[in-house]
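Nothing in this text is a laboratory measurement; each read-out follows from the coordinates by a stated rule. Treat the numbers as computed from the prediction; the structure is a model and nothing was measured. Virtual Cβ from ideal backbone geometry, glycine too; neighbours counted across all protein chains shown.
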Amino acid sequence: MNKPNIIYIHSHDTGRYVQPYGHAIPTPNIQKLAEEGVLFRNAFCANPTCSPSRAALLTGQWAHSCGMGGLANRGWSLPVPEHLIPHTLNRAGYVTALAGFQHVVRDIKETGYQHILSDGSVRAGAEERARAFIAEKHDAPFFLDVGFGETHRRAKGFDPPPDGEPKTDPRYVKPPAPFPDTPVTRQDMAEYIDAARTLDRKMGVVFDALEENGLAENTLVICTTDHGLAFPRMKCHLTDPGIGVMLIVRGPGGFERGQVVDGLVSQVDVFPTLCELIGIEAPEWLQGTSILPLVRGEADDVRDAVFAEVNYHCCYEPQRAIRTKRWKYIERYDNAEKWALPNCDDSISKTFMIEHGWDEQHVSSRRLYDLVFDPSEAHNLAGHYDCEMVLADLCARLDRWGTETGDPVRRNQMMVPPETAVLNDPTDVSPGDKRYPAAEVLEKSKVLSHTRIGV
């Protein structure tokens, strides 16, 4: 087989809230992609915040391992950009191009893309730039990165649908699972649905371009997002609504026929999968595993657990999690008693939750959930006697993972921010509140060093 073209097409803050995951959200182009490709029902990001999540996927490393602790727009930049996928594919004879949003390095030239078709920011036109690139004559396989800003909240909420398109009627909308069914949460979800419809339409332009130019059969399309919805208790949280992501892949290598895969998958598995598929040696730094055995029916599982972490978003809130098919264990290391509210994007749902006391809720440092009997992760079993063995096992596995991957937080240390990093005060409410140099905030918060909470 000739090396396939590869399109990495991705969105902001979408989670699994699209039609093929069973939600009443009209995304027909993404639905068609799923029906023709492979839908991964249990795919998870490595870090439910924007830049670290994308860096983990594009380097095949956990966020602490690749050194991406926080947001590129708040002073972080991937320390070793040579580990990004484009650099490896360039050496393998691919033509690499960026047609949309990237959020990993501050200097776009470090991404390794040979053709930068955009400035890498969130702005309109990614689908048209991608379509024009696809229509060009190609003498070598290409890797095209198409990133969209749709479904990310703006200062005043989600972008409305284009002129002439009707808005979703909130009276007939169901809010996402962690939220009560109220007029406020229905309105917020209705506005998300409109943004998802726009995202789907733009992705459809790219999918259609492959068909129009006879490239669909030999092009691997990887459709995903960075993390969960930008709602309270989702994005920037290690519960499934935060780390669960859509992952739909269509193309050569068995990614076809509308398969549905239930095996656990992490986004760090994408890079090694591409290496195996196109027949190149996997770089030594990769920490994921190929998911091709799942797709080819050679195995029901390629991993028995996924891991995830949070370090910096708008505030420092260090946490780690291990998730198996049955259990989830989350541990945090800053000894905080309340959530850092700036880590949640402003919204009418956030205001609603604060009005009902979310800002006063206690934060548990250790949380254990039985995902069979408690899929909403509402009942913490960490202190239950009959769960002691499960808790000890998961803690031990999280320790081994931290040791093997060089996680500083698991060694009673912290990820030190770059001098350029800025943070909110964790006692603030909004990410739009005043930002301060990271060192100043950490000193004030007394988390420049912290002691791990033992079991």
Need one number: nm distance between label points at ASP359 and ASN335, each 7 Å from Cα along Cα→Cβ, rounded to one decimal.
2.5 nm
With the dipole of the stretch 306-445 worked out from charges on the C-beta (+1 for Lys and Arg, -1 for Asp and Glu) around the Cα centre, which of CYS387, TRP339, THR351 lies farthest toward the positive end?
CYS387
Can you return the lysines within cross-link range of LYS444? Criterion is Cα-Cα under 18 Å, with same-chain partners fewer than 8 residues away left out.
LYS338, LYS434
If amide hydrogens are placed 1.01 Å from N in the peptide plane, which non-local residues have theirs closer than 5 Å to the one on PHE101?
GLY147, PHE148
Computed from these coordinates, which is volume of the Cα convex hull per residue in Å³: (1) 208; (2) 225; (3) 136?
(3)
Partners for LYS328 among aspartates and glutamates (Cα-Cα distance below 14 Å; same-chain residues under 8 apart left out):
ASP240, ASP304, GLU309, ASP370, ASP374, GLU377, GLU388, ASP393
Cut-off under 5 Å, modelled amide H: who pairs with VAL261 long-range
LEU39, PHE40, ARG41
Mean ellipticity per residue at 222 nm, deg cm²/dmol - from DSSP H runs of n ≥ 4 across the chain, formula -39500 (n - 2.57):
-8000 deg cm²/dmol
Can you list the chymotrypsin sites (Phe, Trp or Tyr not before Pro) in the stretch 348-455 that are in a DSSP coil and have 16 or fewer other beta carbons within 10 angstrom?
PHE373
How long are the semi-axes of the ellipsoid equivalent to the stretch 59-148, from square roots of 5 times the Cα gyration tensor eigenvalues, in whole Å, largest first?
23, 17, 9
Which is the longest stretch in the chain that no exposed loop site breaks, taking sites as GluC sites (Glu not before Pro) with a DSSP loop state and at most 16 other Cβ atoms within 10 Å?
1-135
Distant-in-sequence amide H partners of HIS23 (H built 1.01 Å from N, under 5 Å)
VAL18
With charges only on Cβ, +1 for K and R and -1 for D and E, what is the dipole size of the stretch 5-295 about its Cα centre, in debye, rounded to 20?
780 debye
Using the Cβ atoms and a cut-off under 11 Å, what net charge is assigned to the surroundings of VAL18, where Lys and Arg are +1 and Asp and Glu are -1?
+1
Rounded to one decimal in nm, the spacing of the 7 Å Cα→Cβ label points at ARG106 and VAL372 is 4.9 nm
Take the alpha carbon atoms of the stretch 308-333, find their center, do the same for the stretch 150-189, and report the distance between the two centers in whole angstrom.
28 Å
Residue-by-residue Karplus 3J(HN,Hα) for the stretch 230-246, coefficients 6.51, -1.76, 1.60, Hz, glycine and proline x:
7, 10, x, 6, 10, 3, 6, 10, 9, 6, 4, x, x, 9, x, 10, 6
Formal net charge of residues neighbouring GLU165 (Cβ-Cβ distance under 14 Å; K, R +1; D, E -1)
-3
